[in-house]
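The values are calculated or read from the model by the stated rules, or taken from the named source; none is laboratory data. Predicted, not measured: the structure shown is a model, and the values here were computed from it. All Cβ positions, glycine included, derive from the backbone under ideal geometry; neighbour counts span all protein chains shown.
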Amino acid sequence: MATPQLKQTPLNAAHRRMGARMVDFGGWDMPVQYPYGTIEEHLRTRTHAGLFDVSHMGEIDVRGRDAIAFVNRVTSNDASKLVDGQAQYSALTTPEGTVVDDLLVYRFAEDHLLLVVNASTTPKDWEWIRSHKQDEAVELKNMSAEYCQLALQGPDALRILQTLTDLPLSEIKYYHFREGAVDGVPSIVSRTGYTGEDGFEVYAAAERAEQLWDRILEAGRFGETDGVMPCGLAARNTLRLESAMALYGNDIDETTTLLEANLGWICKLGKGVFIGREALARQKEEGVKRRLVGFEVTERGIARDHQDVLVNGERVGQVTSGSPAPYLKKNIGLAYVPVEFAGAGQEIQIDVRGRAVGAQIVPTPFYKREKKQSAGSHQPSAKTQ
């Protein structure tokens, strides 16, 4: 049987020229790391700046007089609270209150919203959203192929990007965005990210991706010891895990509810009818039976995805995300455990290839950047992958 053709972002050739190691990521040919290595990419993002190609993400355009009402019915957060130029983290939920996908909702106008969904779930999300359209006056369009998306993250991100745009970046608050030119390219500049750092995501026409990629690297003094560094999927994963941001397919999916995943803050039960509301309201009243928790490994060993979680030798759950944390210099992870074992300080063990390795439940996020007293400097809390 022939191997299915992998999808490519507009930056595929650029990644290969730079020596990136490419992998199949949900049907996409993506850079997992560059020659510098995952740890260096991770640390450079924490201390200076990292540049990520996230052009594989999906974009679904919603227009029409019922745009807000429609999005409110198919997502869990309250889109009616958005103002023009603001975004919110939300989720598509099943009637059972579990997660079809997590996403960002951008409001451009009362009759125009943009949904940014995960790459591997874009076809599924598109069909889900389209199939749940009723008699609302909305026009839906899958525009994923028309966009590139670059994420510039880290404490130097604002300074670097500001050299390429006249937009007043310091005035853009967290989870807000502006439209304007970046290096002369019409763009959407959003103060969002998936690393736990301050930073921006730049959306533009797909054919301008290489121009923006090259210019941001140039402006960030790529190649110098404190310059911007291109980063792959591996560093993006360890950065988001240190910041305890959920990864769809690992920490949340169609078997986990928003309340179990500690995402009740994007579950607005009081806004009115939405898919999954009744199930979530019932679960909130009855109480969840399990909860997603963070843990640190206290003995020698590294917890990995899908390993069993033990209490007194008995299996009580499974690691959903586990990895070394390069900046914190610890081994950490996320797992679902019964609520009676979910408290901070609870001793657990991780079954690492047949060996019970000690660990302890700890508060999350594991890493939280220092807040700066400047406009728009807000601690990141969540983002899609």
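At-a-glance table
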| read-out | value |
| --- | --- |
| Sole exception among (1) acidic (Asp, Glu); (2) under 30 Å from residue 39 (Cβ atoms); (3) surrounded by fewer than 17 Cβ atoms within 10 Å (Cβ to Cβ) for residue 296, by number | (3) |
| Segment 176-195, subset within 17 Å of residue 153 (Cβ to Cβ) and among the β-branched types (Val, Ile, Thr), residue surrounded by the fewest Cβ atoms within 10 Å (Cβ to Cβ) | 188 |
| Any pair with Cβ under 7 angstrom, 6 or more apart, that starts in segment 290-306 at a residue that is among the hydroxyl-bearing types (Ser, Thr, Tyr) and ends at one that is modelled with pLDDT of 95 or more | 298/358; 298/359; 298/360 |
| Hits in segment 29-72 (condition: polar (S, T, N, Q) and closer than 21 Å to residue 147 by Cα) | 55 |
| Unique match (being in contact (Cβ under 8 Å) with a residue 12 or more places away in the chain, more than 19 Å from residue 217 (Cα to Cα) and touching an Asp or Glu at 6+ places or on another chain (Cβ under 6 Å)) among 98, 122, 93 | 98 |
| Check on residue 260, acidic (Asp, Glu), in a loop (DSSP other than H, G, I, E, B), modelled with pLDDT of 95 or more and buried (at least 21 other Cβ atoms within 10 Å of the Cβ) | yes |
| Residue satisfying all of: in segment 346-370; polar (S, T, N, Q) and not in a strand (DSSP E or B); nearest to residue 242 (Cα to Cα) among these | 364 |
| Top-ranked residue of segment 294-338 - restricted to ones that are part of a strand (DSSP E or B) and of a type in the set (Lys, Arg), ranked as farthest from residue 257 (Cα to Cα) | 330 |
| Residue in segment 161-168 that is in the same structural domain as residue 212 (by TED's automatic domain parsing), closer than 19 Å to residue 214 by Cα and under 24 Å from the mean Cα position of the chain (by Cα) present | yes |
| Residues of segment 1-26 that turn out to be modelled with pLDDT of 95 or more, surrounded by 15 or more Cβ atoms within 10 Å (Cβ to Cβ) and of a type in the set (Gly, Ala, Ser), as a count | 2 |
| Residue identified as over 20 Å from the mean Cα position of the chain (by Cα) and at positive phi among 301, 343 | 301 |
| Residue that is surrounded by the fewest Cβ atoms within 10 Å (Cβ to Cβ) [pool: residues in segment 99-126 that are more than 16 Å from residue 247 (Cα to Cα) and of a type in the set (A, V, I, L, M)] | 109 |
| Candidates 69, 145, filtered to the one that is of a type outside the set (Asp, Glu), within 28 Å of residue 211 (Cβ to Cβ) and either assigned to a helix (DSSP H, G or I) or over 21 Å from the mean Cα position of the chain (by Cα) (or both) | 145 |
| The listed residue being at pLDDT below 95 and farther than 18 Å from residue 93 by Cα, out of 287, 313 | 313 |
| Segment 163-174, residues that are under 25 Å from residue 88 (Cβ atoms) and of a type outside the set (Asp, Glu) | 165, 167, 168, 169, 170, 172, 173, 174 |
| Flag for residue 129 being farther than 27 Å from residue 246 by Cα and in a helix (DSSP H, G or I) | no |
| Residue list for segment 184-221, filter: hydrophobic (A, V, I, L, M, F, W, C) and in contact (Cβ under 8 Å) with a residue 60 or more places away in the chain | 188, 206, 209, 212, 213, 216, 217 |
